[in-house]
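S.K.: What follows is a single structure, and I will ask about it in a moment.
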Amino acid sequence: MDLVAEDCNELRQKTINPPFKIELGRLVRYYCNMSNAKSLQKTSIADYLKGELDAKRRHEFVDGVVYAMVGARNRHNMIATNATISMGGQLRESPCMAFNSDTKIRIQQSGGTRFYYPDAMVDCDSNPDTDTFQDKPVVVVEVISESTRRTDEKEKRDGYLSINSLQVYLRVEQGTPCVKVDRRNDECFDSQLYEELSAVIPLPEIGMELPLSELYRGVTFPGPPETVDEE
């Protein structure tokens, strides 16, 4: 079922079968302004978590509104898998653990609660009360897609950086070797940019490094446009 709506009125007429008895749309945040989004039907955290256990498609939860996630392309999945494998392999003797994109993060803020599925993350204090999400990540990785760039670089970034345990947020580009790193420095975050395959991202917060050559292993980048020599 296609849940993309051209406007909010159309979106309110689109529903999805149980487990979610709510109105939702894929990437609705891009089509609706905040005043319209607030009028969407809300669901409880308990119903959302229960529904995700059997859902065929993953959903993210933002202050009571549930959003269906869009399937990722091969390059996106390769980079996300590389991040999980590289970090997980280096953390074998560590109390920290790398999680892939099937694990949710819970973000609790004064204005509400969010659940996101990052592409990869590292948690050093696993939540003992549930096996459905983590809420104390130290490192979070998001692979940037053009369709989700605005969310990854604004909404999700603001949410992730509000987590007390978070030390590093990595935003990884797909079309070129480029990683934007937000790193905690006392009460704020400093931004750094890594743009060469030979670059290595230091992660002393979890006792490891992340080479861009490992992050982009197997990824083929689009070449420059061909030019025709004039005779």
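S.K.: What do you get for GluC sites (Glu not before Pro) in region 88-155 restricted to DSSP loop and a cutoff of at most 14 other Cβ within 10 Å of the site's Cβ?
M.R.: GLU93, GLU146
S.K.: Give me the extension gain from GLU93 to ASP186: residue separation times 0.36 nm, minus the current Cα-Cα distance, reported in nm with one decimal.
M.R.: 30.7 nm
S.K.: Give me the distance between the Cα centres of region 133-206 and region 52-114, rounded to whole Å.
M.R.: 13 Å
S.K.: Another question, then. Mind sorting LEU49, LEU203 by how few other Cβ atoms lie within 10 Å of their own Cβ, fewest first?
M.R.: LEU49, LEU203
S.K.: Each label point is 7 Å from the Cα along the Cα-to-Cβ direction; what then is the distance between the points at PHE221 and GLN41, in nm?
M.R.: Label-label distance for PHE221 and GLN41, simple model: 4.7 nm.
S.K.: Hey, another quick one. Given just the C-alpha atoms of region 140-231, how large is their convex hull per residue in cubic angstrom?
M.R.: That works out to 126 Å³ per residue.
S.K.: Please arrange VAL65, VAL139 by how many other C-beta atoms lie within 10 Å of their C-beta, fewest to most.
M.R.: Ordered from fewest to most neighbouring Cβ atoms within 10 Å, VAL65, VAL139 come out as VAL65, VAL139.
S.K.: Kindly provide the chymotrypsin sites (Phe, Trp or Tyr not before Pro) of region 179-222 that DSSP labels as loop, not H, G, I, E or B, and whose Cβ sees at most 15 other Cβ atoms within 10 Å.
M.R.: Counting only loop positions with at most 15 other Cβ atoms within 10 Å, none of the chymotrypsin sites (Phe, Trp or Tyr not before Pro) in region 179-222 qualifies.
Here, each number is a calculation from the coordinates, and none is a lab measurement. Fair warning: this is a prediction, and the values are worked out from it, not measured in the lab. FYI the Cβ positions are ideal-geometry reconstructions off the backbone, even for glycines, and counts take in every protein chain you see.
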